[in-house]
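Here is the structure we will look at, set down as structure tokens.
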Amino acid sequence: MLLTPQTAPIFWVSLPFHHNNPNPNPKENCVKPQNASLSYRPSSTALLLPTNSYCSCTATRALASLTQTSVQETTDVNFEICSFCEVGNLRNAVQLLCTAQKSELETKTYCSVLQLCAEVKSLEDGKKVHSIICSNGLVIDGLLGAKLVFMYVNCRDLREGRRVFDKVANEKVFLWNLMINEYAKIGDFGESIRLFRMMQELGIEANSYTFPCVLKCLAALGNIEGGNQVHGYLLRLGFGCHNSVVNSLITFYFKCGRVESAEKLFDELSDRDVISWNSMISGYASNGLAEKGLDIFKEMLVLGVDEDLATIVNVLVSCASIGALLLARALHAYTIKACLDREIMFNNTLLDMYSKCGDLDSAIRVFEKMGKKSVVSWTSMIAGYVRDGLSDRAIGLFREMEKSGVSPDLFAITSVLHACACNGSLDGGRDVHTYIKEKKMESSLFVSNALTDMYAKCGSMEEAHSVFSQMPVKDSISWNTMIGGYSKNCLANEALTLFFEMQGVIKPNSITIACILPACASLAALERGREIHGHVLRNGYSSDQYVANALVDMYVKCGALVLARLLFDMIPSKDLISWTVMIAGYGMHGCGSEAVATFNQMRNAGIEPDEVSFISVLYACSHSGLPDEGWRFFNIMRNEYNIEPKLEHYACMVDLLSRTGKLSKAYRFIEMMPIEPDATIWGALLCGCRIHHDVKLAEKVAERVFELEPENTGYYVLLANIYAEAEKWEEVKKLRERMGRRGLRKNPGASWIEIKGKVNIFVAGDRSHPQAKRIGLLLRRLRTKMREEGFFPKTKYALINADDMEKEVALCGHSEKLAMAFGILSLPPGKTIRVTKNLRVCGDCHEMAKFMSKSTSREIVLRDSNRFHHFKDGYCSCRGFW
């Protein structure tokens with residue numbers, strides 16, 4: 001029971017005094033306040049009777065008169081103090097209490113002053129009264145003890161209140177309820193439950209005020225077994241039909257996910273009040289069953305049950321979760337007529353509902369009409385802007401909130417940090433970080449995690465790591481945010497290092513696995529990926545859809561397409577992401593027919609493709625030379641699914657036309673596009689010009705690309721390749737000079753290969769590797785063998801105007817050749833060689849890889865920046881479409 005000034009009289013009237021005190025010394029039962037100074041005053045002057053038995057009648061009358069005066073004075077002191085208390089004059093009441101004699105004061109007087117101290121929350125005066133009680137040697141028990149406990153608790157000194165409580169011999173349930181409730185308020189649910197157990201051991205029966213709080217604590221702790229025990233206990237005490245108790249049970253079962261148990265209680269409850277109905281509506285919404293909650297609301301209306309503000313709020317929450325905008329608007333109109341729209345809690349829920357239902361304009365109107373705005377109002381509106389992709393407006397509203405004098409709370413801070421993260425606004429995020437430091441909010445785990453996430457999504461992993469390293473406490477979210485941030489920011493090695501560090505501190509969960517697998521995929525670190533797959537199997541994460549999809553993606557990007565398909569087939573319930581990952585995997589590996597077949601299987605399974613699925617199948621068609629299938633899917637996307645093509649879809653179609661030699665048609669297609677083409681579109685056509693040696697069109701297209709992305713060196717290199725193939729060395733030289741004037745440098749080619757769990761990196765022309773001599777010797781031997789069999793180096797890919805010998809030496813230093821040769825030297829016979837390159841593989845290395853696979857009887861899987869190449873017996877899976 002929450003003790004308030006209105007409910008407090010229940011206990012101070014009903015609580016009996018303990019007259020039979022077993023302790024003969026009253027002061028031993030006195031609980032002294034900590035750090036209190038006790039002042040003992042002399043007792044009042046005693047009235048001495050004459051020792052002889054012949055006292056005069058005059059003396060007797062004088063004695064009687066004096067005694068009557070003393071009683072009257074005592075009564076006046078108590079009455080005067082209580083009068084001060086009644087009018088709220090605590091200062092005079094305490095002052096009079098301090099000057100009054102011990103013998104003059106009654107217990108009810110102390111209680112009155114303590115009650116007023118509690119009401120005005122004056123802990124200092126309360127402690128002073130406690131000190132007087134102790135110095136006067138009163139027994140602190142019964143009503144007086146209860147008042148002291150209530151005073152300390154109400155003045156937020158729970159520690160001292162508990163100290164008094166533990167020493168008070170009290171069997172009344174209300175005081176136990178007070179303490180149980182107070183611990184629940186500060187979030188110490190475990191202590192609340194311990195007090196409840198102690199209460200049971202002492203044989204103190206709980207009442208209807210005890211159970212709601214205890215059940216709330218058990219729900220917060222997720223203690224279903226404890227809740228079942230309490231359920232049995234309250235039934236034994238006869239509270240099975242008590243309205244407030246059953247309502248609390250319904251709420252408990254909903255919070256623990258036991259929907260059927262909650263439904264059964266509701267169905268069996270004969271005397272339902274509005275709280276019962278509200279509990280059902282709210283419980284269904286919190287368990288993802290908002291539609292059932294709305295059905296309950298309709299039933300409630302049919303039965304004529306009067307709803308209250310909480311009902312409307314709960315229904316609006318349900319509407320928000322399923323997007324029931326029409327019903328929500330009807331409720332809004334009803335509340336305006338019922339004059340409920342002035343309530344701030346209702347308006348906060350209303351604007352949150354409108355923003356979640358996609359009607360941001362209505363949310364803004366509600367927000368602007370609100371007379372008084374709380375921090376919740378501002379936070380809901382900020383979140384609404386973020387949800388609608390208007391991160392700039394969310395950040396602006398946060399600044400406006402500060403100017404209006406409303407102090408942002410943790411939720412407002414995390415909402416605006418999320419806005420900065422979505423918008424990539426690093427400077428805005430740094431400003432919020434400065435505010436956090438000023439307000440000393442960094443100690444909040446909630447805030448620190450949001451800060452780390454913001455920096456990671458804005459690409460500043462150094463600042464993210466700085467926040468992470470300074471966190472006094474880290475939870476799984478902290479670690480997952482950093483690991484995921486490293487993975488997404490192309491820092492795969494750092495992600496793997498942190499993952500192994502995490503294992504020594506906290507157990508990784510399924511989200512951790514979903515974050516680390518992309519790092520393995522980006523490095524093509526198959527052995528590491530397999531280790532993590534083992535961890536998944538040992539910990540039972542296989543059933544997690546995100547983990548299963550991430551595993552398939554990892555195997556795809558590590559070149560193990562067969563394993564990816566096996567795992568894909570084992571997923572019992574495939575979602576859109578599962579199918580899209582597999583389709584994209586086939587496309588990357590040049591298996592266009594398999595990609596098309598998988599796409600058709602997905603449609604037959606009743607899964608509706610989205611724009612990303614179509615990008616995957618169009619990409620597969622373009623990289624496998626399937627123009628007819630590509631056009632068919634492009635038209636299906638527009639006509640059957642009403643998906644408007646985006647730049648990525650147009651890029652796939654341009655690539656499809658370009659690779660099949662229809663360069664003029666591709667150029668006209670770009671000019672007729674309803675949206676402005678970007679560098680990727682023109683770049684796809686430039687690649688087609690290289691494949692089909694159209695130098696004139698390449699120069700025309702390249703100028704468009706250079707205008708759009710003047711700093712992208714990849715396109716300069718592509719044009720240089722086109723010139724080199726046409727042996728236009730003067731143009732190659734001019735292009736190099738142009739790059740030099742712009743201060744552009746070609747990204748160095750780098751390739752890597754994983755051997756026994758270690759990633760070995762090779763850079764073009766680098767001879768620092770410990771096996772450099774053996775690698776060079778093997779490559780020269782293979783080159784000689786190629787010549788003997790009629791294969792000659794494609795020196796045009798050397799991009800230098802020199803003699804063939806110099807060009808051949810330059811070509812031998814290409815990073816992918818070094819990595820493949822190292823794999824042949826280091827891996828046992830028959831073992832597949834898996835190499836990854838950061839740039840597109842050159843023509844000479846492609847030919848060399850085909851020859852290597854034939855002469856060494858090895859399968860070589862080479863992943864470049866564009867796609868996979870599977871080399872076996874002198875053939876490549878790409879069939880020239882690369």
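The values are calculated or read from the model by the stated rules, or taken from the named source; none is laboratory data. Not measured: the values here are computed from a predicted model. Here the Cβ positions follow ideal geometry from the backbone for every residue, glycine too, while neighbour counts run over all protein chains shown.
Quick notes
- Residue match in segment 76-84 (condition: at pLDDT 80 or above, under 16 Å from residue 147 (Cα atoms) and out of contact with any Cys (no Cβ under 8 Å at 6 or more places or on another chain)): yes
Residues checked against (1) free of Cβ contacts under 8 Å to residues at least 12 places away in the same chain; (2) in the same structural domain as residue 190 (by TED's automatic domain parsing):
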site	(1), (2)
221	no, yes
238	yes, yes
257	no, yes
262	no, yes
279	no, no
303	yes, no
324	no, no
328	no, no
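- Out of 573, 624, 593, 578, sole residue that is closer than 24 Å to residue 526 by Cα and of a type in the set (S, T, N, Q): 578
- Residue within segment 256-272 that is in contact with a Lys or Arg (Cβ under 8 Å, 6 or more places away or on another chain), within 18 Å of residue 222 (Cα to Cα) and part of a helix (DSSP H, G or I) present: no
- Taken over segment 196-227, the criterion of being at positive phi and within 28 Å of the chain's Cα centre (by Cα) is satisfied by 222 alone.
- Meets criteria (crowded, with 18+ Cβ neighbours inside 10 Å and closer than 30 Å to residue 155 by Cα) for residue 219: yes
- Restricted to segment 817-861, and to residues there that are among the β-branched types (Val, Ile, Thr) and part of a strand (DSSP E or B), the residue that is surrounded by the most Cβ atoms within 10 Å (Cβ to Cβ) is 835.
- Subset of segment 527-561 that is buried (at least 21 other Cβ atoms within 10 Å of the Cβ) and touching an Asp or Glu at 6+ places or on another chain (Cβ under 8 Å) - its residue that is nearest to residue 837 (Cα to Cα): 528
- Residue list for segment 842-876, filter: under 45 Å from the mean Cα position of the chain (by Cα) and modelled with pLDDT under 85: 842, 865, 866, 867
- Residue that is surrounded by the most Cβ atoms within 10 Å (Cβ to Cβ), among those in segment 870-879 that are in contact (Cβ under 8 Å) with a residue 60 or more places away in the chain and not hydrophobic (A, V, I, L, M, F, W, C): 870
For (1) over 28 Å from residue 472 (Cα atoms); (2) under 18 Å from the mean Cα position of the chain (by Cα), each residue gets a yes or a no:
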{"residue": "381", "(1), (2)": "yes, no"}
{"residue": "387", "(1), (2)": "yes, yes"}
{"residue": "413", "(1), (2)": "no, yes"}
{"residue": "419", "(1), (2)": "no, yes"}
{"residue": "426", "(1), (2)": "no, no"}
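- Filter pass, residue 354 being surrounded by 16 or more Cβ atoms within 10 Å (Cβ to Cβ) and not polar (S, T, N, Q): yes
- Test: residue in segment 625-635 that is over 34 Å from the mean Cα position of the chain (by Cα) and in contact (Cβ under 8 Å) with a residue 40 or more places away in the chain: yes
- The set of residues in segment 441-458 that are closer than 14 Å to residue 416 by Cα and over 13 Å from the mean Cα position of the chain (by Cα) comprises 455, 457, 458.
- Residue identified as modelled with pLDDT under 95, under 25 Å from residue 840 (Cβ atoms), crowded, with 19+ Cβ neighbours inside 10 Å and polar (S, T, N, Q) among 616, 658: 658
- Failed criterion for residue 555 (all others in (1) modelled with pLDDT of 95 or more; (2) under 26 Å from the mean Cα position of the chain (by Cα); (3) within 20 Å of residue 533 (Cβ to Cβ) hold): (2)
- The residues of segment 230-266 that are surrounded by fewer than 16 Cβ atoms within 10 Å (Cβ to Cβ) and in contact with a Ser or Thr (Cβ under 6 Å, 6 or more places away or on another chain) amount to a single one, 244.
- Where a residue in segment 560-571 is at negative phi and its partner, wherever it lies, is outside any helix (DSSP H, G or I), with Cβ under 7 Å and at least six apart: 561/589
- Output for segment 129-144, where each listed residue is free of Cβ contacts under 8 Å to residues at least 40 places away in the same chain and under 21 Å from residue 86 (Cα atoms): 129, 132, 144
- Against the list (1) surrounded by 18 or more Cβ atoms within 10 Å (Cβ to Cβ); (2) within 17 Å of the chain's Cα centre (by Cα), the condition residue 496 fails is (2).
- Scanning segment 499-526 for residues that are farther than 28 Å from residue 861 by Cα, free of Cβ contacts under 8 Å to residues at least 24 places away in the same chain, in a helix (DSSP H, G or I) and of a type outside the set (D, E, K, R) yields 502, 503.
- Residue count for segment 400-430, restricted to those that are among the basic types (Lys, Arg) and more than 19 Å from residue 449 (Cβ to Cβ): 1
- Scanning segment 136-189 for residues that are surrounded by fewer than 21 Cβ atoms within 10 Å (Cβ to Cβ), under 35 Å from the mean Cα position of the chain (by Cα) and of a type in the set (Val, Ile, Thr) gives a single hit, 186.
- First in segment 655-676 and in contact (Cβ under 8 Å) with a residue 60 or more places away in the chain, second anywhere and assigned to a helix (DSSP H, G or I), Cβ under 7 Å, 6 or more apart: 659/622; 659/688; 659/691
- Flag if residue 564 is part of a helix (DSSP H, G or I), in contact with an Asp or Glu (Cβ under 9 Å, 6 or more places away or on another chain) and surrounded by fewer than 24 Cβ atoms within 10 Å (Cβ to Cβ): yes
- Some residue of segment 546-555 being of a type in the set (Asp, Glu), outside the structural domain of residue 503 (by TED's automatic domain parsing) and either over 17 Å from residue 518 (Cα atoms) or outside any loop (DSSP other than H, G, I, E, B) (or both): no
- Of the helices (runs of 4 or more DSSP H) entirely within segment 673-761, those holding at least 2 residues that are surrounded by fewer than 15 Cβ atoms within 10 Å (Cβ to Cβ) occupy 695-708, 729-741.
- Here residue 109 clears all of (1) surrounded by fewer than 20 Cβ atoms within 10 Å (Cβ to Cβ); (2) of a type in the set (S, T, N, Q); (3) touching a helix residue (DSSP H, G or I) at 6+ places or on another chain (Cβ under 8 Å) except the condition numbered (1).
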